[in-house]
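A short worksheet on the structure shown next.
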Amino acid sequence: MDLIRVETEDKTALNGLLWELQEPGDSLVILVPGATTGAALIPMHDYYPLATALTGKGYSFLISNMRASYNYPYAEYTDAVKDIAAFVAYAKSRGYSRIAIFGISLGGPRMAQYMAERNDAAIKAVGFIASIPSPYLEFQIRASEADRQRLEDMLKQARAFVAQGKGSQPLAFEDWFPGGRSFMGTAQSMIGFFGAPSDKSAPSSIRYGPQIKVPALVIHGDKDEISYPPNAQTIYDSLTASPQRDLIWVPGASHYLTPGPLAEAYAQRVSNWLVKNMPAGPRH
């Protein structure tokens, strides 16, 4: 594993983690992280089984890092497209001609928007791991009526600040996830990450799903306590232009690639699907 550095088209430096074969082939898998921060590594996920399974079947593996992880309170959600583009450009510069992009959790909407906006012929397959249609839409399924109303009130306040030219005004939303995890950011960034479908800058896998025209995998735990299983079906249903779409369930899995058998199960299912839908080949 190597720590790499890339530079985006707007001159932002990002780091990533690369597992590369001793004799690299033509195929590489880029993982787009989830969470609002877009951090490459968080303690709840064990990516080593996935790295081991992919490299064992001829794929190099790259975990990207989003710029939001460096300055989240002021982050713009839509910058993720430029961040992903930088890692794709790096992969091409290393000689990879066949690239798959997988997004985990919020990484799914990030990846879907990249696919729709960039339409890159080098991307041969995509995947949504424990993904969400958007933070707003998954919250409508998971949250109580009172919490849904709290979200609407926060977004209304954020929109008012932006309309008044006060987009940098700080706002907070408490207890988004079970266990008391809260978020704080500017009014503009809160709309960008947590906005409703009517907020054009907000995340949405399903807005961009119909524009994905490569094989697509939706893989989801049937015990996901954050992105409830109906979210996986919604994402799958949006992939109407994909020539091959598959919805695969991981029995007993939560929202995270939990160390042990569950991370191993995700790794084997993802790598097996790739072998069928984007076989790794030698470099020419």
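Values for this structure:
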quantity	calculated
Within the range 230-250, tally of residues that are more than 17 Å from Phe177 (Cβ to Cβ) and touching a strand residue (DSSP E or B) at 6+ places or on another chain (Cβ under 8 Å)	13
Filter result for the condition that a residue is touching a residue at least 12 places away in the same chain (Cβ under 8 Å), buried (at least 24 other Cβ atoms within 10 Å of the Cβ) and under 18 Å from Phe194 (Cβ atoms), over Ala68, Ala100	Ala68
Qualifying positions in the range 269-284 - of a type outside the set (A, V, I, L, M, F, W, C) and part of a helix (DSSP H, G or I)	Arg269, Ser271, Asn272, Lys276, Asn277
Selection from the range 219-250 of residues that are over 18 Å from Ala35 (Cα atoms) and part of a loop (DSSP other than H, G, I, E, B)	Asp222, Lys223, Leu239, Thr240, Ala241, Ser242, Pro243, Gln244
Residue list for the range 43-60, restricted to those being surrounded by fewer than 24 Cβ atoms within 10 Å (Cβ to Cβ), in contact with a helix residue (DSSP H, G or I) (Cβ under 6 Å, 6 or more places away or on another chain) and more than 30 Å from Ser189 (Cα to Cα)	Pro49, Ala53, Lys57
The range 129-148, residues that are out of contact with any strand residue (DSSP E or B) (no Cβ under 9 Å at 6 or more places or on another chain), farther than 27 Å from Arg269 by Cβ and assigned to a helix (DSSP H, G or I)	Tyr136, Gln140, Glu145, Ala146, Arg148
Enumerated helices (runs of 4 or more DSSP H) restricted to the range 48-128, each holding at least 2 residues that are more than 23 Å from Lys200 (Cα to Cα) and modelled with pLDDT of 95 or more	48-56, 80-93
Tally of residues being touching a helix residue (DSSP H, G or I) at 6+ places or on another chain (Cβ under 9 Å), touching a residue at least 24 places away in the same chain (Cβ under 8 Å), buried (at least 17 other Cβ atoms within 10 Å of the Cβ) and assigned to a helix (DSSP H, G or I) across the range 251-268	4
Checklist (1) touching a residue at least 40 places away in the same chain (Cβ under 8 Å); (2) more than 28 Å from Ala125 (Cα to Cα); (3) in a helix (DSSP H, G or I) applied to Phe183, failing item	(3)
Matching option when the condition is farther than 20 Å from Ala263 by Cβ and either in a loop (DSSP other than H, G, I, E, B) or without any contact (Cβ under 8 Å) to a residue 60 or more places away in the chain (or both), among Gly34, Gly25	Gly25
Condition broken by Val270, with the remaining ones in (1) modelled with pLDDT under 95; (2) out of contact with any Ser or Thr (no Cβ under 8 Å at 6 or more places or on another chain); (3) over 25 Å from Ala68 (Cα atoms) satisfied	(1)
Members of the range 226-235 that are under 15 Å from Ser204 (Cα atoms) and under 15 Å from the mean Cα position of the chain (by Cα)	Ser227, Asn231, Ala232, Ile235
Count - residues of the range 131-153 that are touching a Leu at 6+ places or on another chain (Cβ under 8 Å) and of a type in the set (A, V, I, L, M, F, W, C)	3
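The values are calculated or read from the model by the stated rules, or taken from the named source; none is laboratory data. Since the structure is predicted, the reported quantities are computational estimates derived from the model, not experimental observations. Methodologically, a virtual Cβ is constructed for each residue, glycine included, from the backbone with ideal geometry; neighbour enumeration extends over all protein chains shown.
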